[in-house]
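See below for the structure under consideration.
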Amino acid sequence: MWTLERFAPLVGEQFAIQVPELGAQAAALLEAKALRGAHPQGRQAFSLLFRSSVLLPQRTYALSHPALGELALFLVPVARGGDGVQYEAVFN
């Protein structure tokens, strides 16, 4: 089960987003934060914020990290600036 506690220590680290058309793309985990409200089964809702240099459409991507292995996340682009594009994944 994915929890905020599993991701919080990885803030600042690099993940690889597998993009079929482009291959693996680097993405830094910028933030892992708790959200208001809890899942009906008592789990804490949380979000992850990533930054990458490529603009990708919102959809489910395979991400990988040495400490977590591979996971599938639905990423939504939420901001774009000179330092890249930010993507959010929400767990609720």
Seminar exercise, completed: Matching label for the computed Cα extents along the principal axes in Å, out of (1) 47, 45, 33; (2) 38, 27, 23; (3) 44, 31, 19, is (2)
For this session: In debye, nearest 20, what is the charge dipole magnitude of the chain about its Cα centre with +1 on Lys and Arg Cβ and -1 on Asp and Glu Cβ, if you could check?
Result: 260 debye
Exercise. By the scheme Lys and Arg +1, Asp and Glu -1, what is the net charge of all other residues having a beta-carbon under 12 Å from that of Ile17?
Worked result: 0
Exercise. Farthest toward the dipole's positive end in the chain, which of Leu63, Ala26, Tyr87, given Cβ charges of +1 (Lys, Arg) and -1 (Asp, Glu) about the Cα centre?
Worked result: Tyr87
For this session: Determine the per residue accessible area of the chain with all protein chains present and a 1.4 angstrom probe, expressed in square angstrom.
Result: 58 Å²
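What percentage of the solvent-accessible surface of the chain, computed with a 1.4 Å probe over protein heavy atoms, is contributed by carbon and sulfur atoms?
Carbon-and-sulfur percentage of accessible area, whole number: 51.
The values are calculated or read from the model by the stated rules, or taken from the named source; none is laboratory data. The shown structure was predicted, so the numbers you read here are calculated from the model rather than taken from an experiment. Cβ: placed from backbone, ideal geometry, glycine included. Neighbour counts: every protein chain shown. These area figures cover heavy atoms from the full protein model, side chains too; ligands, DNA and RNA do not enter into them. Shrake-Rupley method; radii C 1.70, N 1.55, O 1.52, S 1.80 Å.
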